[in-house]
Amino acid sequence: MMNKIDIPDKGKRKRVVIVGGGFGGLKLARKLKNDNFQIVLLDKNNYHLFQPLLYQVATAGIEPSAISFPFRKIFKKRKYFHIRICEAQRVIPEQNILETSIGAIEYDYLVIATGCYTNYFGNDKMALHTMSLKTTAEALYNRNQVLESFEKAQNTSNLKEREKLMTFIIVGGGATGIELSGALAEMRKFILPQDYPDLDIEQMRIVLIDAGPRLLSAFSEKSSTEVQDYLAKKGVEIKVDSKVVDYENDLLTLGDGTAIPSTNIYWVAGVKANSIEGLPQDAYGPGNRLNVDVFNKVTGTNNVFAIGDTALMISEDYPRGHPQVVQPAIQQAKLLVQNLNNIEKGLPLKPFVYHNKGSMATIGRNNAIVELKNIRFGGFPAWAVWLFIHLMSIVGVKNRLFIFIDWMWSYFTYDPSLRLIIKPVKRVKPKK
């Protein structure tokens with residue numbers, strides 16, 4: 001067996017290992033303050049990322065640091081709390097051991113909150129040649145790609161090459177797809193004509209493609225229609241009932257034979273859960289999610305739990321599991337805190353019941369869609385609600401202030417100041 005991770009002795013406390021510092025993992029770690037537990041938080045990054053605003057980083061709206069918050073700063077005053085940056089690899093449930101990229105760790109309770117990643121549905125070409133939007137690195141890559149495309153378009157006299165560089169295709173008509181489309185349309189209207197006066201920005205194409213019959217399938221049909229009409233007025237070309245079948249030589253091919261030349265393809269068409277190997281075979285469900293019971297306990301285990309996007313809890317109201325969005329993860333984390341304490345006290349566990357607080361998506365300046373249980377509204381009021389809720393959800397007062405300043409500056413000046421192309425350093429041998 002591999003070497004053990006160097007963690008201080010837990011003493012008489014029970015060790016809770018949390019894998020993943022996303023919304024669910026972070027909420028669990030912050031709320032589980034019982035001194036009877038030693039908590040170990042494992043994550044591939046040293047910060048919590050507010051993913052819903054990644055598209056604004058990708059379109060030069062806000063800084064990546066504004067939606068990232070270091071774990072060690074969040075938990076710097078916590079006792080019996082330890083953070084290790086690593087990748088979880090395999091669980092050995094019969095031995096209560098988790099193997100990671102830096103060694104093995106024993107646990108009394110293991111909580112898997114690893115979220116999800118981009119689902120390419122087995123299409124390797126899309127995975128290799130398109131832009132996804134799940135990490136800070138990907139968002140910065142996308143920002144570079146957008147800005148470099150216009151620099152290259154300005155420098156070429158080849159009209160066909162310029163057409164490819166100025167065509168942006170978003171595959172996936174969910175919330176991220178429409179938010180990206182709206183942000184790119186705003187850039188085309190307010191920013192790019194000033195930055196590139198020598199280019200005819202009207203030649204820029206924004207194409208939004210979805211395989212389903214309408215955009216925003218998780219929302220009502222009325223909201224979908226309003227969003228589609230709004231984006232169409234902004235010059236976004238919308239193609240529904242259109243399946244992408246191939247992308248080769250800068251040519252995206254659809255199921256009906258339509259081919260669109262472009263060097264800029266965003267793939268936001270679906271997600272797949274990040275699960276860990278080693279669990280019982282019947283623990284793995286559709287979409288690589290982990291089958292859990294009403295207490296979020298993973299099938300076939302006694303002390304392994306999964307929450308958030310990774311967990312698949314089947315119920316009468318949610319026969320395909322809960323939506324892979326923020327609220328289920330946070331609500332499951334809060335209840336798991338109570339249930340872990342109940343286990344230690346010998347009390348009965350409480351089953352999870354999801355309280356759907358509604359959905360929202362922004363589609364551009366002064367416009368958004370909000371759907372609550374019995375209320376649906378759009379336009380400026382929805383946009384204001386969207387701004388407020390997202391701002392209050394950011395970790396840290398300083399981060400909220402920075403984002404608020406960025407938003408207000410952009411709103412009144414129509415000129416976000418973050419259009420920087422930042423490339424990774426390439427190490428080369430110095431010349432002798």
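So if R0 is 51 Å, what FRET efficiency would R320 and N34 give, r being the distance between their Cβ atoms, rounded to the nearest 0.05? That pair, R320 with N34, gives E of 0.90.
Averaging Cα coordinates gives a centre for the range 273-311 and one for the range 64-84; these two points are 26 Å apart.
Rounded to the nearest 500 deg cm²/dmol, what is the calculated helix-only ellipticity per residue at 222 nm for the chain, with -39500 (n - 2.57) per DSSP H run of length n ≥ 4? The partial results should precede the final answer.
On the way: 12 runs with 132 residues, N = 432.
After summing the helix terms and dividing by the residues of the chain, the value is -9000 deg cm²/dmol.
Stretched out straight at 0.36 nm per residue, the stretch from A259 to E221 would grow longer than its current Cα-Cα span by 10.8 nm. Taking every protein chain into account, the accessible area of the range 26-90 amounts to 45 square angstrom per residue (probe 1.4 Å). Computed from the alpha carbon positions, the gyration tensor of the chain leads to an equivalent ellipsoid with semi-axes of 40, 24, 22 Å, biggest first.
Only protein atoms count toward the accessible area here, which uses a 1.4 Å probe; on the chain, the carbon and sulfur part of that area reaches 51 percent.
Taking H129, H48, H355 in turn, the Gaussian network model of the chain (Cα-Cα springs below 10 Å) assigns the largest fluctuation to H355.
Once backbone amide H atoms are built at 1.01 Å from N, L312 has L290, N291, V292 as its partners under 5 Å, excluding neighbours fewer than 5 places away on the same chain. Residues whose amide H falls under 5 Å from that of F168, counting only those 5 or more places apart or on a different chain, are R205, I206, V207, with hydrogens built in the peptide plane. Output the 0 to 90 degree angle, nearest 10, between the alpha-carbon long axis of helix 136-155 and the longest principal axis computed from the alpha carbons of the chain. Compared with the principal axis, the helix lies near 10 degrees. The 3J(HN,Hα) values that the Karplus relation (6.51, -1.76, 1.60; θ = phi - 60°) gives for the range 250-265 are, in residue order, 6, 10, 8, 10, 9, x, 8, x, 5, 10, 10, x, 6, 9, 10, 10 Hz. Gly and Pro appear as x. Roughly what % of DSSP beta bridges within the range 124-269 run antiparallel, to the nearest 5? In the range 124-269, DSSP labels about 35 percent of beta bridges as antiparallel.
The angle between the Cα long axis of helix 221-233 and the longest principal axis of the Cα atoms of the chain comes to about 40 degrees, rounded to the nearest 10.
Projected onto its three principal axes, the C-alpha set of the range 124-269 covers 43, 34, 32 Å, listed from the longest axis down.
The values are calculated or read from the model by the stated rules, or taken from the named source; none is laboratory data. Just so it is clear, the model here is predicted, and its values are computed rather than measured. So basically every Cβ, Gly included, is an ideal-geometry build from the backbone, and we count neighbours across all protein chains shown. Please note that ligands, DNA and RNA were not included when accessible areas were found on the heavy atoms of the full protein model with its side chains. Shrake-Rupley method; radii C 1.70, N 1.55, O 1.52, S 1.80 Å.
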